[in-house]
Amino acid sequence: MIDGHIHFHKQPYTLETIENMVSVAKEKNIDEIWLLDHTHKFHEFIFLYEPVMHNELSANWFRKKKFISINEYLDFTSLVKSRAYDVKIKFGLEVCYFPETENLLREELKKYQFDFLIGAVHFIDGIGFDLSKEAWIGVDVDQMYKRYYEIMELLIESELFTTLAHPDSIKLYNYYPTYDLKPTYLRIAQLLNKHQMSTENNTGLWRYQFPYPGLNPEFLEVLKKAQVRIHLSSDAHEYKYIGAYFNCL
Ligand SMILES: [Zn+2]
Ligand SMILES: [Zn+2]
């Protein structure tokens, strides 16, 4: 079994962190772990976030961030790859996708060789819809959903990524559109196959007290029917949550 989305987040880039991750993975019968961090942790990707600076809540969030160089991460991945572990370890990035900065992103990503790249829609025209419930005040929910999936289609068509992150994370604060999402789910499934991308059944929403772990059941059914490659992912921000809630899916 794979856990395809595990953050270092605030855990240090040390062999001890890796050993802790490996030991939890083994306890949970996970034999492959995909480790990553967000692009918004690194100086080298600050340019990506220009669109969020036009939204007050998102800009405030971004200004408070402390950045490090991606070289710290890259040096660490080389060290880990030179050693042997009982579970297979892959390294990648979770990349915030913005149509506005796609071309610059394409150039930047050419500099790196990761095992995988997970593309994520975390912002809709500057709005950090998963940053706080406050971000939803006064927004048109139908329009938010439409834009979320339009941006997701562009993400997939960019062919910059191997995996699409949490493709229904917009439900986080329990806002739902008035229109039927099934045609949207079908379109996303077709596009993922066309561009040979996988997606994930991400259990990470438990951290936000979302009522159930993982993908919306209707979306999951559409993806399975279309035979889209799906792997489980915990989105763990601490090693102890690797594989969390996999047994509930
Ligand atoms: Zn994410
Ligand atoms: Zn994540």
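Filter the range 180-239 for residues that are among the hydroxyl-bearing types (Ser, Thr, Tyr) and open to solvent by less than 60 Å² (accessible area, probe 1.4 Å); which is nearest to ILE151 (Cα to Cα)?
Out of the qualifying residues, it is THR184.
Mind listing whichever residues of the range 190-227 are β-branched (Val, Ile, Thr) and under 18 Å from the mean Cα position of the chain (by Cα)?
THR199, THR203
Given the criteria within 25 Å of LEU131 (Cβ to Cβ), modelled with pLDDT of 95 or more, hydrophobic (A, V, I, L, M, F, W, C) and under 17 Å from the mean Cα position of the chain (by Cα), does ILE230 qualify?
So ILE230 fails the test.
Being assigned to a helix (DSSP H, G or I), at pLDDT 95 or above and in contact with a helix residue (DSSP H, G or I) (Cβ under 6 Å, 6 or more places away or on another chain) narrows it down to one residue among TYR148, TYR175; which is it?
TYR148
List the number of the failed condition for PRO51; all other conditions in (1) free of Cβ contacts under 8 Å to residues at least 12 places away in the same chain; (2) in contact with a Pro (Cβ under 9 Å, 6 or more places away or on another chain) hold.
Result: PRO51 fails condition (1) only.
Of all residues being open to solvent by 20 Å² or more (accessible area, probe 1.4 Å) and either modelled with pLDDT of 95 or more or not hydrophobic (A, V, I, L, M, F, W, C) (or both) in the range 240-249, which is nearest to ligand 1 (Cβ to nearest atom)? Just the residue, please.
Across the range 240-249, the extreme among qualifying residues is TYR241.
Would you mind telling me which numbered condition in (1) more than 18 Å from the chain's Cα centre (by Cα); (2) over 19 Å from LYS240 (Cα atoms) PRO12 fails?
(2)
Tally time: how many residues in the range 204-215 are assigned to a loop (DSSP other than H, G, I, E, B) and at pLDDT below 95?
6
Taking the range 94-134 on its own, how many of its residues are open to solvent by 40 Å² or more (accessible area, probe 1.4 Å), more than 15 Å from ligand 2 (Cβ to nearest atom) and either part of a loop (DSSP other than H, G, I, E, B) or closer than 17 Å to HIS7 by Cβ (or both)?
Final tally of qualifying residues: 5.
Please determine, by comparing only the residues of the range 151-172 that are open to solvent by 30 Å² or more (accessible area, probe 1.4 Å) and either more than 16 Å from ligand 2 (Cβ to nearest atom) or touching a helix residue (DSSP H, G or I) at 6+ places or on another chain (Cβ under 9 Å) (or both), which one is farthest from ASN103 (Cα to Cα). Even if it seems obvious, please write down each step before you answer.
Going residue by residue through the range 151-172, those that are open to solvent by 30 Å² or more (accessible area, probe 1.4 Å) are 153-154, 157, 159, 162.
Add one more test, that the residue is either more than 16 Å from ligand 2 (Cβ to nearest atom) or touching a helix residue (DSSP H, G or I) at 6+ places or on another chain (Cβ under 9 Å) (or both), and what stays is 153-154, 157, 159.
Details: GLU153: 16, LEU154: 12, GLU157: 13, GLU159: 12 Å.
Among residues in the range 151-172 that are open to solvent by 30 Å² or more (accessible area, probe 1.4 Å) and either more than 16 Å from ligand 2 (Cβ to nearest atom) or touching a helix residue (DSSP H, G or I) at 6+ places or on another chain (Cβ under 9 Å) (or both), the one farthest from ASN103 (Cα to Cα) is GLU153.
The values are calculated or read from the model by the stated rules, or taken from the named source; none is laboratory data. Here the structure is a predicted model, which is why all the values come from computation and not from measurement. Neighbour counts are summed over all protein chains in view; Cβ atoms, including those assigned to glycine, are modelled from backbone coordinates with ideal geometry. Quick note on the areas: whole protein, heavy atoms, side chains included, nothing else; ligands and nucleic acids left out. Shrake-Rupley method; radii C 1.70, N 1.55, O 1.52, S 1.80 Å.
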